Amino acid sequence: MPSVRFNKVLIANRGEIAVRVIAACKELGIQTVAVYSEADRYSSHVRFADQAICIGPAKSARSYLDQASIVSAAEITNVDAIHPGYGFLSENAGFAEVCESSGIKFIGPSPRVIRLMGVKERARAFMREMGVPVLPGSEGVLNSPEEALETAESIGYPVILKASAGGGGRGMRIVNGPGELAGLFAQAQQEAGAAFSSPDLYLEKYLAAPRHIEFQLLADEYGDVEILGERECSIQRRHQKLLEESPSLAVTDEQRREISAVLRKAIAASGYTSAGTVEFLMDETGKLTFMEVNARVQVEHPVTEFVTGIDIVKSQIRIAQGERLRDILPGPLELRGHAIECRINAENPDTFQPSPGRITGFHLPGGIGVRVDTWAYTDCVIPPYYDSLVAKLITYGSDRQEAIRRMQRALSMFIVEGIYTSIPLHQRILADPDFQAGRFDTGFIQRLLK
Ligand code: ADP
């Protein structure tokens, strides 16, 4: 039995993830409150929620990032909890604290854990101490370009400079030799300061052609942790994921068992609760090294839901209600079949320019093994102010080949008129012999587009 039972949850987000969280709440019999900016008045998350409150103008700084407006909306509507989705305030420890001090449960890890995981070089140090393999790099924040130079010399070029507080692939610089370091250090510092309001940098070894592989976890408030297998996220452009799948062809059963065991221990020791992801890079030899923790639900969570049969968002809510993982999970974890997700973005597939505007025709694919998570509909307007994700198309098959074929046919039945989308790009990726054979790394898209 849960120790508390939420009657009403506010979703501090927009777009497909807001709709996803509303769906989970409906299934749990929980009332929902949507918040929206003036640009999202006609969004489906507003329509599907039981109540909706406008929290400000289009600009996210004055709406979806406005903590005071969101907390007032929560107080006026008397909610028990806030689900932050991903992006926006989801990894903002200060916001989690404000929720707590207002007597509202934040559906996510505690502020202390968000702080630990959100400062990337601190998370690295913690994981290293816990026996998780970590790439060689600086011990903490780099105090000067001279210190960066010294560290780079000791681990060998190339290295990558990263923002401590970074995200979304920004603030990173690849350094190929000592001559470039000082200039790139200044650039990265400047970009990090502007984007994350902290100029702190650290550095680590840069891998030439790695795979990005991440492990999904759930942890309850009693120290119980479950690792729900991994996702392969190497198909990315400019460090932004485009297509994800689970499981990864590159991870062996033994490796999955080993990493899951060491992660279970590390995550339990950190006091982590709720859902989260531990991201790794895999080098050419197949070795996995820790990169960072995302202390929130991720865009690509549905592929894991397909292969595990576990509803990650409902699990987050039930964990926040004080339920035990062993009561939430359906039984011993079993990974079955294969799932793929394509992110359908409103952008030109050739130039990658954003393509906001009115969707004049919209038809969703369906049928066995097909899932679409979206907020869009015929005649809706994709606003230019937010990320360009219009829909996520996810397919499941008994094996990878079936999942690929199913994705190809689902993409061919997905009609979006009036704006450009990334559908043609996904068709190219799926038809590529190297992709089909599972021979790829994070440089795949760059090679494909050449
Ligand atoms: P962010 O949090 O900004 O998304 P990440 O640390 O998750 O940044 O890295 C994003 C992507 O950048 C990775 O998926 C990978 O493609 C690339 N990357 C990051 N670190 C390295 C590294 N040390 N070597 C090679 N590629 C890297």
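The values are calculated or read from the model by the stated rules, or taken from the named source; none is laboratory data. Note that the coordinates shown come from a computational prediction; the quantities given were computed from them, not determined experimentally. Using ideal geometry, Cβ is built from the backbone for each residue, glycine included, and neighbour counts are taken over all protein chains shown.
Restricting Glu244, Glu226 to those that are within 13 Å of the ligand (Cβ to nearest atom) and not hydroxyl-bearing (Ser, Thr, Tyr) reduces the list to Glu244. Just one of (1) in the same structural domain as Asp283 (by TED's automatic domain parsing); (2) at positive phi; (3) buried (at least 23 other Cβ atoms within 10 Å of the Cβ) fails for Glu230. It is (2).
Are any residues in region 160-173 more than 8 Å from the ligand (Cβ to nearest atom) and either part of a strand (DSSP E or B) or over 17 Å from the mean Cα position of the chain (by Cα) (or both), and if so, which ones? The answer is Leu161, Ser164, Arg173. Could you tell me which residue of region 178-192 is farthest from the chain's Cα centre (by Cα), considering only residues that are away from the ligand (no atom under 11 Å from the Cβ) and within 20 Å of Glu139 (Cα to Cα)? In this case the residue turns out to be Pro178. Only one of the numbered conditions (1) under 17 Å from Gly118 (Cα atoms); (2) assigned to a loop (DSSP other than H, G, I, E, B) is violated by Tyr157, and that is (1). For region 269-309, the set of residues classified as in contact with a Leu (Cβ under 6 Å, 6 or more places away or on another chain) and either farther than 18 Å from Arg112 by Cα or charged (D, E, K, R) (or both) consists of Phe280, Leu281, Met282, Asp283, Thr289, Met291, Thr304, Val307, Thr308, listed by residue number. Report, by residue number, each residue of region 93-129 that is touching a Lys or Arg at 6+ places or on another chain (Cβ under 8 Å) and closer than 18 Å to Asn13 by Cα. Passing the criteria: Ala93, Cys99, Gly108. Among the residues of region 240-259, the one identified as in a helix (DSSP H, G or I) and surrounded by 20 or more Cβ atoms within 10 Å (Cβ to Cβ) is Ile259.
Among the residues of region 206-216, those identified as surrounded by 20 or more Cβ atoms within 10 Å (Cβ to Cβ) and in contact with a Leu (Cβ under 8 Å, 6 or more places away or on another chain) are Pro210, Arg211, His212, Ile213, Phe215, Gln216. Just to be sure, is Ala195 near the ligand (Cβ under 10 Å from one of its atoms), in a helix (DSSP H, G or I) and touching a strand residue (DSSP E or B) at 6+ places or on another chain (Cβ under 8 Å)? Spelling it out, Ala195 is indeed near the ligand (Cβ under 10 Å from one of its atoms), in a helix (DSSP H, G or I) and touching a strand residue (DSSP E or B) at 6+ places or on another chain (Cβ under 8 Å). Tell me, yes or no, whether region 264-274 has at least one residue that is surrounded by 22 or more Cβ atoms within 10 Å (Cβ to Cβ) and either assigned to a strand (DSSP E or B) or within 16 Å of the ligand (Cβ to nearest atom) (or both). Yes, region 264-274 has at least one match.
Among the residues examined, Ala188 qualifies as touching a Leu at 6+ places or on another chain (Cβ under 8 Å) and in a helix (DSSP H, G or I). Within region 129-153, being within 16 Å of the ligand (Cβ to nearest atom), modelled with pLDDT of 95 or more and surrounded by fewer than 15 Cβ atoms within 10 Å (Cβ to Cβ) holds for one residue alone: Pro133.
Among the residues of region 297-346, those that are at positive phi and either in contact (Cβ under 8 Å) with a residue 12 or more places away in the chain or touching a Ser or Thr at 6+ places or on another chain (Cβ under 6 Å) (or both) comprise Gly309, Gly322, Gly337.
Give me the pairs: first residue in region 163-184 and closer than 13 Å to Ala148 by Cα and without any contact (Cβ under 8 Å) to a residue 24 or more places away in the chain, second residue assigned to a helix (DSSP H, G or I) and more than 6 Å from the ligand (Cβ to nearest atom), beta-carbon distance under 8 Å, and six or more apart or on different chains, which are they? Within 8 Å, the pairs are Arg173/Leu184; Arg173/Phe185; Arg173/Gln187; Arg173/Ala188. For region 203-239, residues that are assigned to a strand (DSSP E or B) and over 26 Å from Leu333 (Cβ atoms) total 5.
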